[in-house]
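**Q** Got a structure for you, written out below as structure tokens; questions coming shortly.
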Amino acid sequence: MEQVTREDFQVIDNCLMIRLPEEIDHHGAGLICESADRLLLREDVCNVVFDFENTRFMDSSGIGIIMGRYRKISCFGGKVYAIHADRQIQRILRLSGLNKIVEVLES
Amino acid sequence: MKNEMELIFDAVSDNEGFARVAVAAFVSHLNPTLEEISDIKTAVSEAVTNAIIHGYENLYGYIRPGEMTYKERSGTNSGKVWLHCTLEEDMLHIEVRDKGKGIDNVERAMEPLFTTKPELERSGMGFAFMEAFMDDLEVESRPGEGTIVRMKKKMGVGDWIGGEE
């Protein structure tokens, strides 16, 4: 299965943009967390934007990824956003209660 | 109509995607809705991931190109996950079984947000998702012997796309 690459992580102003892969599960989650955290430490990043444009599948591992990043940035006043989330992804965000900490932006 | 299949595969995370796609293909002739397929894939993914990282405590790891597999390193076979599906008319039964460490307290394990592996950034939502996306969930576990997760879902009752909103 395809894994994330360096190009999927971009820092724009104070936002870390993460382009998520087609399928988000435990297998690929470790690499996404590692790559994101490296940038969160290094750069002057305040907010994180998860881009679900290419994502067709996500299980609870995705919830773990978002919750973990939220914990790291929320104590400094950072926010977490989700963009391009399809109906199924939005359903999973709702079901896990994550829609309370993640702002889902309609595009 | 009755149809049955069983898969036995190594408890490595590479097989999580394989397992859920296999079950989705198994029910594809019923013309399931996208939502039904997505529900089933999520539930299978949760159950198989649990077997791999909790049942076998992630012992067998990833298969990375160029790296030795668990079998090559240790000379013993890695643990296996059994995935058994039965389709009786429009009722899908899925059983995911491992011979791993088992669960001490099934009731607590099924509580939303409870996880024994916060360091792996697990959300603790696995069983909650299985319950939400399937019609029925049963967990049978004996410490030291392994765990069996049984799920049921009636197919063909999903809304048409866009029917809900």
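**Q** For the stretch A:84-100, does any single residue satisfy the condition of being more than 9 Å from every other protein chain (Cβ to nearest Cβ), among the β-branched types (Val, Ile, Thr), free of Cβ contacts under 8 Å to residues at least 40 places away in the same chain and surrounded by 20 or more Cβ atoms within 10 Å (Cβ to Cβ)?
**A** Yes, some residue in the stretch A:84-100 is more than 9 Å from every other protein chain (Cβ to nearest Cβ), among the β-branched types (Val, Ile, Thr), free of Cβ contacts under 8 Å to residues at least 40 places away in the same chain and surrounded by 20 or more Cβ atoms within 10 Å (Cβ to Cβ).
**Q** Does A:Gly28 satisfy the condition of being surrounded by 18 or more Cβ atoms within 10 Å (Cβ to Cβ), not hydroxyl-bearing (Ser, Thr, Tyr) and not in a helix (DSSP H, G or I)? Walk me through it before giving the result.
**A** On the way: surrounded by 18 or more Cβ atoms within 10 Å (Cβ to Cβ): yes; not hydroxyl-bearing (Ser, Thr, Tyr): yes; not in a helix (DSSP H, G or I): no.
So A:Gly28 fails the test.
**Q** Return the residues of the stretch A:73-97 that are in contact with a helix residue (DSSP H, G or I) (Cβ under 6 Å, 6 or more places away or on another chain), assigned to a helix (DSSP H, G or I) and over 14 Å from B:Thr42 (Cα atoms); say none if nothing qualifies.
**A** Selection gives nothing.
**Q** Of (1) in a helix (DSSP H, G or I); (2) more than 9 Å from chain B (Cβ to nearest Cβ); (3) modelled with pLDDT of 90 or more, A:Leu41 satisfies all except one. Which?
**A** Exception for A:Leu41: condition (3).
**Q** With the requirement that a residue be in a loop (DSSP other than H, G, I, E, B) and either within 17 Å of B:Ala128 (Cβ to Cβ) or within 13 Å of chain B (Cβ to nearest Cβ) (or both), what does the stretch A:54-72 give you? First the steps, then the outcome.
**A** Filtering the stretch A:54-72 for residues in a loop (DSSP other than H, G, I, E, B) gives A:54-56, A:59.
Correct list: A:Thr55, A:Arg56, A:Asp59.
**Q** Please give the helices (runs of 4 or more DSSP H) falling wholly within the stretch B:43-151 in which 3 or more residues are at pLDDT 90 or above, within 14 Å of chain A (Cβ to nearest Cβ) and within 25 Å of A:Leu95 (Cβ to Cβ). Give the steps one after another, and end with the answer.
**A** Working: elements: B:70-74, B:106-109, B:126-133.
The helices (runs of 4 or more DSSP H) meeting that bar are B:126-133.
**Q** Could I ask something else about it? What number goes with the only condition from (1) closer than 20 Å to B:Asp136 by Cα; (2) at pLDDT 95 or above that B:Glu35 does not pass?
**A** Status for B:Glu35: all satisfied but (2).
**Q** Continuing with the same structure: Can you name the residue in the stretch A:3-25 that is touching a strand residue (DSSP E or B) at 6+ places or on another chain (Cβ under 8 Å), part of a loop (DSSP other than H, G, I, E, B) and among the charged types (D, E, K, R) and is also farthest from the other protein chains (Cβ to nearest Cβ) among such residues?
**A** Checking each candidate, the answer is A:Glu22.
**Q** A further question on this structure: Would you tally the residues in the stretch B:1-42 being over 16 Å from the mean Cα position of the chain (by Cα), touching a residue at least 24 places away in the same chain (Cβ under 8 Å) and assigned to a helix (DSSP H, G or I)?
**A** Adding up the residues that qualify gives 3.
The values are calculated or read from the model by the stated rules, or taken from the named source; none is laboratory data. The shown structure was predicted, so the numbers you read here are calculated from the model rather than taken from an experiment. Glycine also receives a Cβ, built like all others from the backbone with ideal geometry; neighbour counts cover every protein chain displayed.
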